[in-house]
Amino acid sequence: MHPAIDAAHERANRSAILEHARMGRSVCEWGDGQVVWITPEQIFARYGLDENGKPKA
């Protein structure tokens, strides 16, 4: 694909995933050959945020 499309897709995914996490919802993804649930805490950690979804100070 085109790099600009890839970047836009990544930003949209990040935004949607973080929105779910901020509402306290887990999300599922494909990992290790099966569907796995990712908790809000795991999502925040993945993006370098604290447990409340805020940038780490």
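The values are calculated or read from the model by the stated rules, or taken from the named source; none is laboratory data. Computed from a predicted model, the values in this text were never measured in an experiment. Using ideal geometry, Cβ is built from the backbone for each residue, glycine included, and neighbour counts are taken over all protein chains shown.
Residues that are surrounded by fewer than 10 Cβ atoms within 10 Å (Cβ to Cβ), of a type outside the set (Ser, Thr, Tyr) and out of contact with any Lys or Arg (no Cβ under 6 Å at 6 or more places or on another chain): does the stretch 42-49 have at least one? Yes, there is a match, as at least one residue in the stretch 42-49 is surrounded by fewer than 10 Cβ atoms within 10 Å (Cβ to Cβ), of a type outside the set (Ser, Thr, Tyr) and out of contact with any Lys or Arg (no Cβ under 6 Å at 6 or more places or on another chain).
Selection within the stretch 29-57: residues that are among the acidic types (Asp, Glu) and over 18 Å from residue 10 (Cα atoms). The member of this set that is farthest from the chain's Cα centre (by Cα) is 32. Taken over the stretch 8-36, the criterion of being in a strand (DSSP E or B) and among the acidic types (Asp, Glu) is satisfied by 29 alone. Of note, residue 32 does not satisfy the criterion of being in contact with a Phe, Trp or Tyr (Cβ under 8 Å, 6 or more places away or on another chain), at pLDDT below 95 and not aromatic (Phe, Trp, Tyr).
In this entry, residue 40 passes the filter for residues that are in contact (Cβ under 8 Å) with a residue 12 or more places away in the chain and either of a type outside the set (Val, Ile, Thr) or in contact with an Asp or Glu (Cβ under 7 Å, 6 or more places away or on another chain) (or both).
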